[in-house]
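Colleague: For reference, the structure I am asking about is given below.
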Amino acid sequence: MNNLEILEQKFQDYAGDDLRLTIEEFQIAFELTNKYLCERLFHIFDADQTKGISFEEFHNGIHQAQENPLEFAFQLHDGNDDGCIDKQELAKFIRSSLREGNFDLSTAQFQQVRDILFKKADTNQNKEISLSEFKDLLSQSPRLKDILSVSPAQWLQPRSDSSDQQSQPEYWLQRWHYVQNNWIKLLFLALYFGINIALFCYAYRLPQYRLHTVWYRIARGCGLALNFNGALILVPILRRWMTWLRKTKLNDYLPIDEHLAFHKLVGQMIFSLGLVHTVAHLNNHLAETAAFQIDYPVRLFLLYGSGWTGLLLMLLLLLMWFTALPFIREKGNFNLFFTMHLAYIPWIGLMLLHGPHFYKWAAVSIGAFLIEQVVRYRRSTKQTHIVNAQVLPSNVLALEIARPHDFTFKASDYLYLRCPHIATYEWHPFTISSPPEREDTLSLHIRALGSWTGTLYSQFRDFTEKRNGQTALPKIPVYLDGPYHSPSSHIYQSTYAVLIAGGIGVTPYASLLQSILHQRQAESTLLQLQKVHFYWFNRSQDSFEWLLEMLQRLEAEDNFDLFDLNLYLTGAPTGSNLQFLTTYAAFDLLHQEHQVDLITGLKNQIQAGRPDWKSIFTQLKKQYPTEPVDVYYCGPRGLSSTLRRQCYQHQFSYRNENF
């Protein structure tokens with residue numbers, strides 16, 4: 001069914017026995033939340049003005065709108081149907097459109113939008129806009145072609161997302177591009193799984209075990225692989241070692257950016273091997289006790305040291321594995337995850353008791369882990385304090401912390417923060433949003449997502465409301481652990497970089513962008529970057545506010561044509577909608593006149609709706625057909641696969657950072 005047929009079917013579904021729609025039924029049927037637009041549409045479709053739309057009237061109205069979309073748009077604006085639009089009618093329609101589009105303009109900005117439209121349209125200065133003047137006005141907007149190419153039948157019908165269909169050659173080409181971009185990670189994973197398989201087979205085939213049951217040999221094979229994984233599980237969480245490795249040539253041959261994902265993989269492997277190991281030992285024990293007709297086999301099993309320690313190990317594994325699942329860890333139960341993960345301490349102790357050879361495997365990793373803990377403890381016991389706090393839109397809290405004199409970091413680094421005022425022992429990671437060139441303080445932008453961050457945000461919000469700018473902020477003590485490098489730190493080796501941020505995921509780039517400009521101004525020889533394309537999308541307009549001042553300053557000081565800044569307001573409707581025709585035309589006219597965007601104050605206009613990544617990456621490939629392009633992303637995880645696919649298709653490198 002096409003869009004027109006869908007609308008006609010909707011009409012018939014909601015029309016009563018008289019096959020007519022009242023204005024209430026019309027609003028519900030077509031999901032019109034804009035009351036003024038609903039009234040204007042109903043009035044236009046109700047040709048005989050009987051306060052009810054027949055199917056014939058609706059059908060004729062849609063066809064007339066398709067044939068003459070500009071005249072249809074003119075009728076929407078002409079509130080009293082006198083054949084012209086005065087300033088009051090124009091203002092009423094624009095105000096309604098802005099409210100529907102989630103735009104939040106000040107009174108002065110609204111007056112700018114209204115006045116420029118009327119100034120450009122009312123060419124004969126009779127204080128009214130005629131149909132011909134309306135057409136001439138909209139011809140000055142570059143978006144007009146896109147808007148008029150969309151049928152009113154389409155924008156009345158809520159659009160559903162459709163996935164792109166891929167041909168078999170495209171599918172395999174993307175898989176090949178994936179291999180090209182990730183051969184180090186794939187080789188590393190192949191080596192990891194190969195070692196596990198080799199260890200299992202080696203233990204399974206040992207001559208001294210051939211007289212035992214199959215269950216016993218399976219248990220031995222899993223046990224040897226468990227020794228290897230039990231020693232390996234600590235390595236990816238050695239944050240200081242990972243930061244040091246990023247500075248060495250080994251960074252080119254190891255997937256260090258995936259260290260947390262590898263830690264999770266090893267954890268899943270330990271749980272799976274532990275489960276099979278336990279079941280295999282139980283089955284072997286039951287088989288042997290049955291053969292010798294021994295009573296109370298379970299009691300006998302628990303009398304062995306390896307029996308009760310094994311069951312305790314499995315119980316601890318189950319607790320850690322279950323509480324680390326995403327639906328617990330990421331849904332406001334971080335405290336439960338954190339507390340249960342402390343079970344790794346007794347787990348390692350029991351492993352040393354349970355496995356007679358485990359200490360040989362784990363000695364190095366346990367030693368490195370203990371060294372790291374000592375270093376972290378010594379560095380993290382130095383107290384500093386919060387200098388300033390600011391409550392921002394979208395549940396974001398900006399903290400300014402006194403920077404310790406020996407706290408040296410690079411742009412996009414992150415740290416762990418402990419605030420005893422909130423929780424005595426909890427550490428939480430946050431990206432540093434200020435540039436390293438700022439010596440006296442460092443900034444963190446924290447979004448209230450869980451219990452700890454929610455408590456922190458609400459306490460500062462309440463204090464801010466109570467003090468009302470009169471009382472100075474008390475020196476709240478905090479402790480810092482870090483800094484640690486992030487995947488975005490590779491940008492200094494890039495020539496052409498694309499930074500993509502979603503919501504609060506922009507924080508590592510806030511530091512990076514400022515530092516890059518500072519290094520370019522200082523003519524640093526370490527900086528290879530020639531161009532940075534920056535894309536940031538938010539659902540609401542106020543979510544941009546906390547970083548806009550910095551972006552405006554960045555653009556004003558960029559005398560090297562280094563930055564291309566692009567902002568997207570995903571909560572606003574796209575331009576392909578007649579009800580926003582004049583609003584977007586006004587934005588275009590103001591941009592043409594002042595060369596800055598009305599909402600952001602940047603050179604590039606803010607875009608409504610979600611970014612068209614396929615079009616963006618195609619344009620980037622045209623701009624850099626042979627040059628290396630590195631794409632960095634920090635934001636919602638759901639978009640990462642789409643960006644990764646586009647990078648493989650266009651042969652760009654890709655790094656993502658979870659927040």
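Colleague: Might you let me know whether region 504-521 holds any residue that is in contact with a strand residue (DSSP E or B) (Cβ under 6 Å, 6 or more places away or on another chain), more than 19 Å from Met550 (Cα to Cα) and either touching a residue at least 60 places away in the same chain (Cβ under 8 Å) or crowded, with 19+ Cβ neighbours inside 10 Å (or both)?
Modeller: Among the residues of region 504-521, not one is in contact with a strand residue (DSSP E or B) (Cβ under 6 Å, 6 or more places away or on another chain), more than 19 Å from Met550 (Cα to Cα) and either touching a residue at least 60 places away in the same chain (Cβ under 8 Å) or crowded, with 19+ Cβ neighbours inside 10 Å (or both), which makes the answer no.
For every residue, the table says whether it meets (1) assigned to a helix (DSSP H, G or I); (2) among the β-branched types (Val, Ile, Thr); (3) open to solvent by less than 80 Å² (accessible area, probe 1.4 Å).
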| position | (1), (2), (3) |
| --- | --- |
| Asp104 | no, no, no |
| Gln112 | yes, no, yes |
| Asp115 | yes, no, yes |
| Lys119 | yes, no, no |
| Thr123 | no, yes, no |
| Ser132 | yes, no, yes |
| Asp136 | yes, no, no |
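Colleague: Of all residues in region 394-410 being modelled with pLDDT of 85 or more and among the small types (Gly, Ala, Ser), which is farthest from Ser540 (Cα to Cα)?
Modeller: Ala402
Colleague: Which condition number does Thr570 fail, the rest of (1) touching a Lys or Arg at 6+ places or on another chain (Cβ under 6 Å); (2) polar (S, T, N, Q); (3) buried (at least 21 other Cβ atoms within 10 Å of the Cβ) being met?
Modeller: For Thr570, the exception is condition (3).
Colleague: Output the residues belonging to region 421-447 that are open to solvent by 50 Å² or more (accessible area, probe 1.4 Å) and not hydrophobic (A, V, I, L, M, F, W, C).
Modeller: The answer is His421, Thr424, Tyr425, Pro429, Glu437, Arg438, Glu439, Asp440, Arg447.
Colleague: Out of the residues in region 375-416 that are part of a strand (DSSP E or B) and either small (Gly, Ala, Ser) or farther than 23 Å from Gly505 by Cα (or both), state the one that is most open to solvent (accessible area, probe 1.4 Å).
Modeller: Looking at the filtered set, the residue picked out is Gln383.
Colleague: Among all residue pairs at least 6 apart or on different chains, which show Cβ distances below 7 Å where the first residue, located in region 111-136, is more than 19 Å from Thr583 (Cβ to Cβ) and the second is of a type in the set (Val, Ile, Thr) and surrounded by 15 or more Cβ atoms within 10 Å (Cβ to Cβ)?
Modeller: The qualifying pairs are Glu128/Ile85.
Colleague: Search region 1-18 for residues that are farther than 11 Å from Phe58 by Cβ and at pLDDT below 75 and pair each with any residue that is surrounded by 11 or more Cβ atoms within 10 Å (Cβ to Cβ) and of a type in the set (D, E, K, R) when their beta-carbon atoms are under 8 Å apart and the residues are at least 6 apart or on different chains.
Modeller: So the pair list comes out as Gly16/Glu25.
Colleague: A further question on this structure: Please go through region 44-56 and give me each residue that is closer than 26 Å to Leu90 by Cβ and either open to solvent by 70 Å² or more (accessible area, probe 1.4 Å) or modelled with pLDDT of 90 or more (or both), ordered by number.
Modeller: If the condition is that a residue be closer than 26 Å to Leu90 by Cβ and either open to solvent by 70 Å² or more (accessible area, probe 1.4 Å) or modelled with pLDDT of 90 or more (or both), then Ala47, Gln49 are the ones that fit.
Colleague: Tell me whether region 571-591 contains one or more residues that are within 24 Å of Ser488 (Cα to Cα) and assigned to a helix (DSSP H, G or I).
Modeller: no
Colleague: Ala91 versus (1) small (Gly, Ala, Ser); (2) open to solvent by 20 Å² or more (accessible area, probe 1.4 Å); (3) over 30 Å from Gln12 (Cα atoms): which is the lone unmet condition?
Modeller: Only one criterion is unmet by Ala91, namely (2).
Colleague: Right, here's the next one. Sort out which residues of region 205-215 are modelled with pLDDT under 90 and either under 14 Å from Leu282 (Cβ atoms) or among the hydroxyl-bearing types (Ser, Thr, Tyr) (or both), and write them in order of number.
Modeller: Tyr209, Thr213
Colleague: Anything in region 484-503 that is open to solvent by less than 10 Å² (accessible area, probe 1.4 Å), closer than 23 Å to Ser543 by Cβ and either outside any strand (DSSP E or B) or free of Cβ contacts under 8 Å to residues at least 12 places away in the same chain (or both)? List them, or say none.
Modeller: Ser486, Ser488 - these are the residues of region 484-503 that are open to solvent by less than 10 Å² (accessible area, probe 1.4 Å), closer than 23 Å to Ser543 by Cβ and either outside any strand (DSSP E or B) or free of Cβ contacts under 8 Å to residues at least 12 places away in the same chain (or both).
Colleague: Tell me, please, whether a residue that is closer than 27 Å to Ser96 by Cα and touching a residue at least 60 places away in the same chain (Cβ under 8 Å) can be found in region 609-626.
Modeller: Checked against the condition, which is being closer than 27 Å to Ser96 by Cα and touching a residue at least 60 places away in the same chain (Cβ under 8 Å), region 609-626 yields at least one hit.
Colleague: Quick one: Ala472 ticks every box in (1) surrounded by 15 or more Cβ atoms within 10 Å (Cβ to Cβ); (2) farther than 18 Å from Pro393 by Cα except a single one, so which number is it?
Modeller: Looking at each condition in turn, Ala472 falls short on (1).
Colleague: Within the group Ile328, Ile371, which residue is farther than 30 Å from Leu473 by Cα, outside any loop (DSSP other than H, G, I, E, B), β-branched (Val, Ile, Thr) and modelled with pLDDT of 85 or more?
Modeller: Result of the check over Ile328, Ile371: Ile371.
Colleague: When both residues are 6+ apart or on different chains and their Cβ atoms are under 9 Å apart, which pairs have a first residue that lies in region 22-33 and is under 18 Å from Glu100 (Cβ atoms), and a second that is modelled with pLDDT under 80 and open to solvent by 50 Å² or more (accessible area, probe 1.4 Å)?
Modeller: Going by the 9 Å Cβ cut-off, the qualifying pairs are Gln27/Thr33; Phe30/Pro158; Glu31/Pro158; Thr33/Glu100.
The values are calculated or read from the model by the stated rules, or taken from the named source; none is laboratory data. Since we're looking at a predicted model, the values are computed, not measured. Cβ atoms come from the backbone with ideal geometry, glycine included; neighbour counts cover every protein chain shown. The area values use the complete protein model at the heavy-atom level, side chains included, leaving out ligands, DNA and RNA. Shrake-Rupley method; radii C 1.70, N 1.55, O 1.52, S 1.80 Å.
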